Amino acid sequence: MISRIDLRGDTLPEGAALRDLLPRAEFDVEAALETVRPICEDVRHRGSAAVIEWGEKFDGVRISSVRVPADALTRALQELDPAVRAALEESIRRARLVHREQRRTTHTTQVVPGGTVTEKWVPVERVGLYVPGGRSVYPSSVVMNVVPAQEAGVEGIAVASPPQKDFDGLPHPTILAACALLGVDEVYAAGGAQAVAMFAYGTEDCLPVNLVTGPGNIYVAAAKRLLKGRIGIDAEAGPTEIAILADATADPVHVAADLISQAEHDPMAAAVLVTDSAELAAATEAELAPQVAASKHIKDRIEPALAGRQSAIVLVSSIEDGLKVVDAYGAEHLEIQTADAAAVADRVRNAGAIFVGPWSPVSLGDYCAGSNHVLPTGGCACHSSGLSVQSFLRGIHIVDYSRDALAEVTHHVVTLAEAEDLPAHGAALKARFGWKVPQQ
């Protein structure tokens with residue numbers, strides 16, 4: 001059901017050589033660019049009509065308007081299962097607690113007497129938040145996108161999610177209800193590359209945005225890459241990943257359940273166990289079979305995900321080597337199920353989010369830990385972070401120097417400008433002092 005990679009015995013290679021030994025899904029965003037290019041151009045030139053037509057082709061439903069009417073949002077919240085509403089409200093409450101602490105404040109540094117640099121944090125004016133609507137329903141992604149944007153102070157928030165044939169062309173009602181709970185009333189029945197293009201170029205129904213965030217399929221990722229520059233993006237999210245670093249103290253029942261929990265997302269989802277215990281590896285394999293059999297999405301998602309090239313049990317000689325492996329892998333979600341798990345977790349350098357010990361499973365982070373579940377995939381955790389309040393803020397430096405403070409440093413500026421063969425840069429200062437460099 002799941003393959004093994006044995007890295008015991010030999011000295012582990014470094015860098016790219018180690019990464020090349022580890023399992024990873026094939027996710028060719030570059031190849032998808034040519035598929036999404038004509039879609040994006042069509043939306044650019046024909047606006048909402050193009051969004052509607054591409055939605056009919058890909059989502060199988062013809063809608064009359066891209067904008068979701070306000071009464072549909074109200075109705076979805078009124079009809080929401082009370083237990084689901086209570087769970088969403090708790091998820092929102094916890095997410096606000098964490099993300100509110102991420103707010104940044106204006107800070108002024110006095111560089112010299114009379115010379116200051118102030119860093120001011122300004123929220124992006126308008127954002128487009130994408131919520132997937134394919135194999136599963138993701139109201140939790142509404143929470144994870146909207147809460148940090150709101151806590152950052154973004155004034156214009158628009159949400160797009162694909163139209164659903166079963167709901168008269170509207171996004172899933174639980175997604176609409178989550179938007180209503182959060183006070184977001186600008187919602188669009190649009191999915192895939194056409195939704196990203198709608199946000200980037202604007203249409204007669206939707207004003208253009210400055211930034212697009214949120215996970216999606218390969219075509220959403222390709223549209224983000226194509227339109228990056230016109231819009232800011234959070235990341236090109238690929239298939240979800242879980243890596244578990246575990247030793248003999250880990251419970252194979254927990255480990256198997258957590259691997260399956262991510263495998264049920266998608267047949268390309270990655271589930272990786274890194275362990276120095278052959279006994280745990282064998283016990284986990286034995287646990288997978290009955291737990292998979294008791295699951296819901298067996299043939300279409302879980303079995304192909306676990307059997308795919310992106311999933312494996314990786315055997316290492318020690319937890320020390322295991323740390324090298326998980327750092328090379330750079331997992332979206334990394335669980336540490338070892339003795340002294342907190343100390344081991346503290347040594348990890350590359351992960352989207354780290355889950356410490358047996359009572360902090362990834363599923364908790366997906367919904368109610370308070371952390372954000374929009375995280376870097378495909379090894380991008382080696383250089384990128386998950387979604388946060390900072391994702392929606394811009395730092396602006398404000399430079400304020402007096403005449404004396406400028407005079408004191410002019411000779412350095414002139415020297416550096418001439419060293420770079422940019423004498424006009426220095427002349428811009430000399431002009432302020434009668435074309436003479438002030439004496440020091």
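The values are calculated or read from the model by the stated rules, or taken from the named source; none is laboratory data. Bear in mind the structure is a predicted one, so any value in this text is a computation, not a measurement. When we count neighbours, we look across all protein chains shown, and the Cβ atoms used for this are built from the backbone with ideal geometry, even at glycine.
Here are a few things to note about the model shown:
- Output for region 295-338, where each listed residue is buried (at least 24 other Cβ atoms within 10 Å of the Cβ), closer than 16 Å to residue 381 by Cα and not β-branched (Val, Ile, Thr): 329, 330, 331, 332, 333, 334, 335
- Neighbours by Cβ (under 8 Å, 6+ apart or cross-chain): first from region 118-147, buried (at least 23 other Cβ atoms within 10 Å of the Cβ); second in a loop (DSSP other than H, G, I, E, B) and basic (Lys, Arg): none
- Some residue of region 14-24 being of a type in the set (D, E, K, R), touching a Lys or Arg at 6+ places or on another chain (Cβ under 8 Å) and surrounded by 11 or more Cβ atoms within 10 Å (Cβ to Cβ): yes
- Among the criteria (1) in the same structural domain as residue 44 (by TED's automatic domain parsing); (2) more than 14 Å from the chain's Cα centre (by Cα); (3) in contact (Cβ under 8 Å) with a residue 60 or more places away in the chain, the one residue 212 does not fulfil is (2).
- Residue within region 223-239 that is surrounded by 24 or more Cβ atoms within 10 Å (Cβ to Cβ), in contact with a Leu (Cβ under 9 Å, 6 or more places away or on another chain) and within 21 Å of residue 319 (Cα to Cα) present: no
- For residue 313: the one exception among (1) more than 22 Å from residue 245 (Cβ to Cβ); (2) in contact (Cβ under 8 Å) with a residue 60 or more places away in the chain; (3) under 30 Å from the mean Cα position of the chain (by Cα): (1)
- Of the residues making up region 233-244, not a single one is assigned to a helix (DSSP H, G or I), within 22 Å of residue 43 (Cα to Cα) and not assigned by TED's automatic domain parsing to the domain that holds residue 325.
- Taken together, the residues in region 186-219 that are at pLDDT below 95 and surrounded by fewer than 24 Cβ atoms within 10 Å (Cβ to Cβ) amount to 3.
- Restricting 437, 389, 399 to residues that are of a type in the set (Val, Ile, Thr) and free of Cβ contacts under 8 Å to residues at least 60 places away in the same chain narrows the list to 437.
- Region 387-411, subset over 41 Å from the mean Cα position of the chain (by Cα), of a type outside the set (A, V, I, L, M) and surrounded by 12 or more Cβ atoms within 10 Å (Cβ to Cβ), residue nearest to residue 214 (Cα to Cα): 402
- In the set 16, 31, 76, 95, only one residue is under 28 Å from the mean Cα position of the chain (by Cα), of a type in the set (A, V, I, L, M), farther than 30 Å from residue 327 by Cβ and assigned to a helix (DSSP H, G or I); that residue is 76.
- Scanning region 1-13 for residues that are among the small types (Gly, Ala, Ser) and surrounded by fewer than 11 Cβ atoms within 10 Å (Cβ to Cβ) yields one hit, 9.
- Any chance residue 385 is assigned to a loop (DSSP other than H, G, I, E, B) and either under 28 Å from residue 119 (Cβ atoms) or among the aliphatic types (A, V, I, L, M) (or both): yes
- Of the strands (runs of 3 or more DSSP E) that lie entirely inside region 99-201, those containing 2 or more residues that are farther than 21 Å from residue 238 by Cβ and of a type in the set (A, V, I, L, M, F, W, C) span 107-112, 115-123, 156-161, 187-189.
- Taking the criterion of being under 22 Å from residue 338 (Cα atoms) and touching a Ser or Thr at 6+ places or on another chain (Cβ under 8 Å), the only residue of region 285-311 that qualifies is 311.
- Per-region count, region 46-60, residues in contact (Cβ under 8 Å) with a residue 40 or more places away in the chain and either closer than 20 Å to residue 206 by Cα or assigned to a helix (DSSP H, G or I) (or both): 8
- Some residue of region 65-81 being surrounded by fewer than 18 Cβ atoms within 10 Å (Cβ to Cβ), assigned by TED's automatic domain parsing to the domain that holds residue 148, touching a Gly at 6+ places or on another chain (Cβ under 7 Å) and modelled with pLDDT of 95 or more: no
- The single condition among (1) of a type in the set (A, V, I, L, M, F, W, C); (2) under 24 Å from residue 209 (Cα atoms); (3) touching a helix residue (DSSP H, G or I) at 6+ places or on another chain (Cβ under 9 Å) that residue 122 does not meet is (3).
- Scanning region 388-440 for residues that are of a type in the set (Asp, Glu) and not in a helix (DSSP H, G or I) returns 400, 420, 421.
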